[in-house]
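Only one structure is covered here, and it is reproduced in the block below.
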Amino acid sequence: MLNNIEFANPEFFYLLLLLPLMGAWYWYKSRRSKAEVQLSSTQAFARNRKSLRQYLYHLLPVLRILSVGLLIVALARPQSTSSSQDITIEGIDIVMAIDISGSMLAEDLKPNRLEAAKDVAVDFIDGRPNDRVGLVVFAGETFTQVPLTTDHTVLKNMFAEVKSGMIEDGTALGDGLATAVSRLRDSKAISKVIIILTDGVNNAGAVDPLSAAEIAELYGIRIYAVGVGSRGTAPYPVQTAFGIRYQNMEVEIDEELLQKVADMTDGKYFRATSNNKLKSIYEEIDALEKSKIDVTEFHKKSEEFWLYAFFALLLFSLEIILRNTIFRTTP
């Protein structure tokens, strides 16, 4: 496929400013070269008209100016680009399933687990402008916050509205996975991915997480599972009679289950114990998914300056020939 012409040295186009100066100089010289004779009357020359040869003589500077213009374009090195691609990229469909249970307000990640997860997810979305991305949230229940879309502005705005307490508390991990799978099962994308992020143990919902993973495997959906939370204890906000107080509570993440879910679908399990770790996990997922698509692109640039140089030489030669034959002046 031939793309648009590009110029390797466009700075040479500044030399085009010389062309109007050349035209002005020719006009000035032609005016100065006319002889003046004082006569009492011009009646004797009234019937004399300029010949076609005299009019065509002005063609010589035009040829010179055109040849210089074409030479300047040749110096700018016009190049055409040929490109080919082995396969057609249809993009990747990704559903992000995020736990919004009360424990996601723990502050072992800053400002808390949920806000840290949202920030990193938005950066991830910005890095994949050609992919369709959807958002599922779950706690004791689950629902689709945003279906698969390429309108990432709307998606990020909906991310901003996600808060803990939107739905009944709990961790319906299986239901969250099942909802995400239902959003991807009819997808025609060459790669279908679920990124599920949770900080707890499956304790609610009607679907077993392993059963949801089996269905995902059936539809060719890969699951990346992320367990978020520090090891040991973490400060959780607790409502007391004196307002919100923070208590250090044991972090419980069913890593064994998340590992099985990921393994069943040729995915991977990650543990995010800090903001930086969570960011690096999303960067790794980003790299893994890009490496899943084997695309060979070919680009070749061809020099096109010779065509302009040829016509510049042709016009310049024509001017020399005409000047020394038809328009030759007697010295």
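The values are calculated or read from the model by the stated rules, or taken from the named source; none is laboratory data. Values in this document were obtained by computation on a predicted structure and should not be read as measured data. Every residue, glycine among them, receives a Cβ derived from its backbone with ideal geometry; neighbour counts consider all protein chains shown.
Thr233 fails exactly one of the following numbered conditions: (1) within 30 Å of Ala287 (Cα to Cα); (2) touching an Asp or Glu at 6+ places or on another chain (Cβ under 9 Å). What is the number of that condition?
So the condition that Thr233 fails would be (1).
Looking at this structure, is Val226 outside any loop (DSSP other than H, G, I, E, B) and of a type in the set (Val, Ile, Thr)? Steps first, answer last, please.
On the way: outside any loop (DSSP other than H, G, I, E, B): yes; of a type in the set (Val, Ile, Thr): yes.
Judged against the criteria, Val226 is a match.
Looking at (1) surrounded by fewer than 17 Cβ atoms within 10 Å (Cβ to Cβ); (2) in contact (Cβ under 8 Å) with a residue 40 or more places away in the chain, which is the one condition that is false for Met158?
Met158 satisfies all of (1) surrounded by fewer than 17 Cβ atoms within 10 Å (Cβ to Cβ); (2) in contact (Cβ under 8 Å) with a residue 40 or more places away in the chain except (2).
Can you tell me which residues in the range 187-204 are in contact with a Ser or Thr (Cβ under 7 Å, 6 or more places away or on another chain) and surrounded by fewer than 23 Cβ atoms within 10 Å (Cβ to Cβ)? Can you show your working first?
Step one: filter the range 187-204 for residues in contact with a Ser or Thr (Cβ under 7 Å, 6 or more places away or on another chain), giving 198-204.
Result: Gly200, Val201, Asn202, Asn203, Ala204.
Let me confirm something: among Val251, Val228, which residue is touching a Lys or Arg at 6+ places or on another chain (Cβ under 7 Å), at pLDDT below 95, β-branched (Val, Ile, Thr) and assigned by TED's automatic domain parsing to the domain that holds Asp131?
Val251
Filter the range 1-16 for residues that are surrounded by 10 or more Cβ atoms within 10 Å (Cβ to Cβ) and in a strand (DSSP E or B); which is modelled with the lowest pLDDT?
The residue in question is Glu6.
For the range 96-198, list the helices (runs of 4 or more DSSP H) that sit wholly inside it and hold at least 3 residues that are out of contact with any Lys or Arg (no Cβ under 9 Å at 6 or more places or on another chain) and under 14 Å from Ile223 (Cβ atoms); which are they?
Numbers: elements: 113-126, 152-160, 173-184.
Because the criterion is at least 3 residues that are out of contact with any Lys or Arg (no Cβ under 9 Å at 6 or more places or on another chain) and under 14 Å from Ile223 (Cβ atoms), the helices (runs of 4 or more DSSP H) in the range 96-198 that meet it are 173-184.
Filter the range 245-276 down to the residues that are outside any strand (DSSP E or B) and of a type in the set (A, V, I, L, M, F, W, C) and list them by number.
First pass over the range 245-276, keeping only residues outside any strand (DSSP E or B): 251-267, 273-276.
The answer is Val251, Ile253, Leu257, Leu258, Val261, Ala262, Met264.
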